[in-house]
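First comes the structure, then the notes that go with it.
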Amino acid sequence: MNSFENARTDPRNAPNPAATEVPFLGQWRLDGGPSSADVGDGPSPLPPEVGEERLSFEPLGEGAGLFEYRGLWHRAGSVWGQVQHPEPLVQLRIPDAGRTWLRVGEDRAIIETPQRYGLFFISAGAGPCHIRNQPGEPNRLIAPMMTVRRLQAILEGLPLPRALRDLLEGRACPVVAQPGVSVNMRRILSEIRSSPYSGEMRALHLQSKFLDLIVEMVADLSDAREQTGGAGSVEQRQARMARDILMAELTDPPSVEQLARRVGLNQKRLNAVFRDLYGAGVFQCLTRWRMDEARALLTEGEVPIKQIAQRLGYAHTNNFTLAFARHVGVPPGSYRRR
């Protein structure tokens, strides 16, 4: 049996029919206003005038599970919550929309954005998690969680960076690291959100994506992608900086000339390193990453196509529709209805 299955559910959220119970207890409080304690005993749903939230959970085999959160607060407030589990836990919090202020126990506070993800060590004495969302700003994240024991089994025999060794030995602070979100990690998130499977095949697919995320995390913490030495690794870092700039500025991306100047490479060399790292030049990669984000947004079925086009830097919806159809094979509306 999955060791998360007997954990208690946060009653703020309607059950996800494809998932087991959510092992999370949380309470909300508005700045200078009411709290969940004023509504009833224990956790309670956000009133519609305060905001909307959805938290789902799916098991990923023994000692692991996947949270998915979507929320929109209309007024300033906070959530205090704690995962209910008897063993020390490891969690990745990977946002892909919105900004969030977060603190676990008495550890340092961090700001979560779609450009960086958090690696957390949650022990019995860590204290509750305090989260503040930006009013009027949609928030969305995927957060795989596993017991330390499960992560030890996955990583057994691998050379590990100091941060992971400390975590697995129980010597880490609650906030272990906050690496940048790579293109590979964004692709994995998109594949999780748009999983084409159901039932046992969906569970198997999500477990494979879970392992992909672990690989990316280890690579991020150990700089495994940069162990080639020489000038090549310097140029690869510059190209990754360029990728991060593009992902952060999808709505109004710089030209290839501007991008090359910002990272210290000439255009020809930047395109060449992009082809080595990502299989295509800068412009082609930008289009591909825009379409990956578009597929994820369309799969959720909540954002109007016109807003998706604007969010991805298309001034006219028709231009976005044509680009999406060329890249994916069907128009955005047809893709959403599949």
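The values are calculated or read from the model by the stated rules, or taken from the named source; none is laboratory data. Since the model is a prediction, treat every value here as computed from it, not as a measurement. Positions of Cβ are generated from backbone atoms using ideal geometry, with glycine treated the same way; all protein chains shown enter the neighbour counts.
Overview of results
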{"item": "Residue ID - farthest from the chain's Cα centre (by Cα), chosen from residues in segment 287-323 that are of a type in the set (Gly, Ala, Ser) and surrounded by fewer than 16 Cβ atoms within 10 Å (Cβ to Cβ)", "result": "315"}
{"item": "Leading residue by the ranking (surrounded by the fewest Cβ atoms within 10 Å (Cβ to Cβ)) among those in segment 136-163 that are in a helix (DSSP H, G or I) and modelled with pLDDT of 90 or more", "result": "153"}
{"item": "Count - residues of segment 255-299 that are over 30 Å from residue 336 (Cβ atoms) and not in a helix (DSSP H, G or I)", "result": "4"}
{"item": "Elements of type strands (runs of 3 or more DSSP E) in segment 48-135, at least 2 residues being farther than 30 Å from residue 199 by Cβ and in contact with a strand residue (DSSP E or B) (Cβ under 9 Å, 6 or more places away or on another chain)", "result": "64-73, 77-83, 100-104, 110-112, 118-122, 129-133"}
{"item": "Members of segment 164-181 that are in a helix (DSSP H, G or I) and crowded, with 16+ Cβ neighbours inside 10 Å", "result": "164, 167, 168"}
{"item": "Filter result (among the acidic types (Asp, Glu) and touching a Ser or Thr at 6+ places or on another chain (Cβ under 6 Å)) within segment 82-109", "result": "87"}
{"item": "Residue check, residue 110 touching a Leu at 6+ places or on another chain (Cβ under 6 Å), surrounded by 15 or more Cβ atoms within 10 Å (Cβ to Cβ) and on the phi < 0 side of the Ramachandran plot", "result": "yes"}
{"item": "Every residue from segment 306-332 that is closer than 16 Å to residue 288 by Cβ, out of contact with any Pro (no Cβ under 7 Å at 6 or more places or on another chain) and among the small types (Gly, Ala, Ser)", "result": "323, 329"}
{"item": "Residues within segment 78-128 that are touching a residue at least 60 places away in the same chain (Cβ under 8 Å), under 20 Å from residue 190 (Cβ atoms) and among the acidic types (Asp, Glu), tallied", "result": "1"}
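Conditions tested, residue by residue: (1) surrounded by 14 or more Cβ atoms within 10 Å (Cβ to Cβ); (2) modelled with pLDDT of 90 or more; (3) of a type in the set (Asp, Glu); (4) outside the structural domain of residue 97 (by TED's automatic domain parsing).
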{"site": "191", "(1), (2), (3), (4)": "yes, no, yes, no"}
{"site": "194", "(1), (2), (3), (4)": "yes, no, no, no"}
{"site": "204", "(1), (2), (3), (4)": "no, yes, no, no"}
{"site": "212", "(1), (2), (3), (4)": "yes, yes, yes, no"}
{"site": "238", "(1), (2), (3), (4)": "yes, no, no, yes"}
{"site": "243", "(1), (2), (3), (4)": "yes, no, no, yes"}
{"site": "266", "(1), (2), (3), (4)": "no, yes, no, yes"}
